[in-house]
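Notes to accompany the following structure.
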Amino acid sequence: MLDLVLQAFQTLFSPEHFPFLIMGVLLGLVIGVFPGLGGIAGLSLLLPFIYGMDEVSALATLVGLVAVIPTSATFTSVLMGIPGSSSSQATVLDGFAMAKKGEASRALAAAFTSSLFGGLFGAIILTFFVQIARPLILLFGSAELFMLALFGLSMVGSLSGKSVIKGVVACGLGLIVGSIGAAPATGEYRMVFGIDYLYDGIPLVIIALSIFAFPEISELFRKDTAIAEGAQLSKGGWTQGIKDVIKNKWLALRCSGIGTVVGAIPGMGGSVVDWIAYGHVVQSSKDKSGFGKGDIRGVIAPESANNAKEGGALMPTLLFGIPGSGSMAVFLGGMVLIGIEAGPSMVTKNIDLTYTIIWSLAVANVLGAGLSLFLAGPISQLTRIKFSLLAPFMIMVISFAAFQATKDMADLWVLLIFGILGIFMKRFGWSRPAFLIGFVLATQAESYLNMSVQFYSWKMFLRPGAIIIFILTLISVYFSRKGSVDENEELINAGLLKQINVKPQLIFALVVGVFAIFALVDSWQQSFLGGIFPLVILGIMVPCLIVLIYVFVKNQQDKPEIFDAELVAEEGTFKAPWYEPVLWISGLYILSMLIGFIPAIILFFIFFFTYKAGTQWLRTSILTFCGVVLLLLFSYFLNLELPQGYLIK
């Protein structure tokens, strides 16, 4: 095997391979920085250009791009609170909180160092286990995959924040929203309400942007300060970030292992691995009070896992031709395009090519992390810019990213609707991670459950793999609440919670209840296989929601469920009501429907900078020009036709 590894190294640094690997890395860094694109869009963009290229050069470009997108996606997750990709969602929780405290460079450095460690770990594991991975992967049947989905849902307890009841309801709500569209088993359409857009379900990128990015942009909009909230950027933060990873090396190692294992399981991949790693670090920590407020461990854990998962995802992709993730599906298409056939031959006659891919992945991670570390300090200066100057760009970015989902104007309205949901979930302490985990795992859990019941009936729970994962799930649930800290304790002792008006929270809970009733009626009208999954979820969610409403009706101020961030914030924190940013964004979308997105964004920039930011005409013109040029460049390279508007069609 040593000879094969050396041969792979020789190919790796050949003139036909290495320069194209660098080109792929640079392209991946650019694409990864732009939220919502991720590996699928990046690889799709690259496929037409590799057609006709030399096999070695084309492969190098593909691997370079797919390796670094999870790394570069960290920039927006930390600096703006906008998930750069599906695998960097959990990084937002503590990474963005650190940026607000002036520790952006430290968070970025820790993230990139962890990504480097995870990427190398995944490549090393893949190198030594590529020969024995085949029988291991085949052990995972539908029953094991369903239990693994339950294991992911078990993380809800540790990510529920102030109230476990709210966490369960939020997770249930995410599962129900994730069930919108065609039922996996029967193809029946559920909860579509006659709206064509909902027949294919709601895209993940829109939900992620709505629940995390939209509320953060709204909050910063209302505060009208720099992201760093007046704190000085820490000097030498990037060196401190590297030291943090060294200090937490065993955590990085464990989470890299988690990333590799989960990545190797087809269909699980990038959408959930960061949450599993984040849940692990919360569960295994004695002091949980800092998570969500800027704990460096909350950055190291998901970033170690999301890069390691790329190495794991390559296992089923190369060995079986079964994509380990969405980006690997496109990667597989690229291999076919250049004449490489995935399958058992990759570990027999093409083993040298397999090792070339593996070590290209490792070197690409080194290059990507090195470049990102070099840029961490300068780019972190963005957090010092007054938010009124950044807001139009961030609103444009999330709108553009959302429109990538289905290229329908409805993408923007769904972003707005769920963005408002995200605002109130954050305000009232409803766990947004729990909601997102439920949404991500809904389709997978239901599909694997249906297959397991058909293949194994009740014996699915007696399979050795299912039993092992079930035991791990019970352990996860136990440790998720052990040693947890009541975050409301200080507020209760200070008497602040007695001042809270529960009516807004009650109204919000009742609105969720109305949606649950609609879902219940709709599910009851489906066939057994089409309706059983949402009915079971609602059977757990609705009683918890009733308990929550009871707490609000009785105004039990000593309960952790009673929480309103709006009323416990320092006086003067918010300079605008919650609906003002919603009105600005709604105005942009209405204009987009009428005159098209590009003319609308020009008017939006001009009015916002003039009347909200109070900038002079020269600065307004320059900023507007820069924003429009950026928008046109991305729409050109992605061959994307933006909404034209009804008045100019």
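Once you divide the Cα radius of gyration of the range 519-616 by 2.2 N^0.38 Å, the number left is 1.77. Paramagnetic label reach from Val192 (point 7 Å along Cα→Cβ; backbone nitrogen cut-off under 18 Å): within the range 514-539, residues 519-532, 534.
Inter-label distance, Glu566 to Tyr550: 2.7 nm, where each label sits 7 Å from its Cα along the C-beta direction. Rounded to the nearest whole Hz, the Karplus-based 3J(HN,Hα) values (6.51 cos²θ - 1.76 cosθ + 1.60, θ = phi - 60°) of the range 177-190 follow the sequence 4, x, 8, 4, x, 6, 6, x, 7, 10, x, 5, 8, 10, with x at glycine and proline. Close amide H pairs (under 5 Å, H built 1.01 Å from N) link Arg190 with Gly181, Ala182, Ala183, residues at least 5 positions away or on another chain.
Could you order the peptides 589-598, 428-437 from most to least packed, using the average number of other C-beta atoms within 10 Å per residue?
Working: 589-598: 18.3, 428-437: 27.0.
Those peptides, ordered most packed to least, come out 428-437, 589-598.
The three principal axes of the C-alpha atoms in the range 579-648 carry coordinate ranges of 34, 26, 20 Å, sorted with the longest axis first. In terms of packing, defined here as the mean over residues of other Cβ atoms within 10 angstrom, the peptides 539-549, 360-370, 207-217 line up highest first as 207-217, 360-370, 539-549. With the highest mean first, a sort of the peptides 504-516, 172-184 on other beta-carbon atoms found within 10 angstrom per residue produces 172-184, 504-516. Its relative contact order, with pairs defined as Cα atoms under 8 Å and 6+ residues apart, puts the range 579-648 at 45 percent.
Per-residue Karplus couplings for the range 68-82, computed as 6.51 cos²θ - 1.76 cosθ + 1.60 with θ equal to phi - 60°, are listed in order as 9, 4, x, 6, 6, 4, 5, 3, 6, 4, 7, 7, 10, x, 10 Hz, Gly and Pro entered as x.
Let's test the formula: R0 of 56 Å, r as the Cβ-Cβ distance of Thr610 and Lys243. What FRET efficiency results, to the nearest 0.05? Efficiency for this residue pair is about 0.80. Calculation over all alpha carbon pairs of the range 237-318 in 5 angstrom steps from 0 returns a P(r) of 3, 17, 25, 21, 17, 10, 5, 2, 0 percent.
Here, each number is a calculation from the coordinates, and none is a lab measurement. Treat the numbers as computed from the prediction; the structure is a model and nothing was measured. Positions of Cβ are generated from backbone atoms using ideal geometry, with glycine treated the same way; all protein chains shown enter the neighbour counts.
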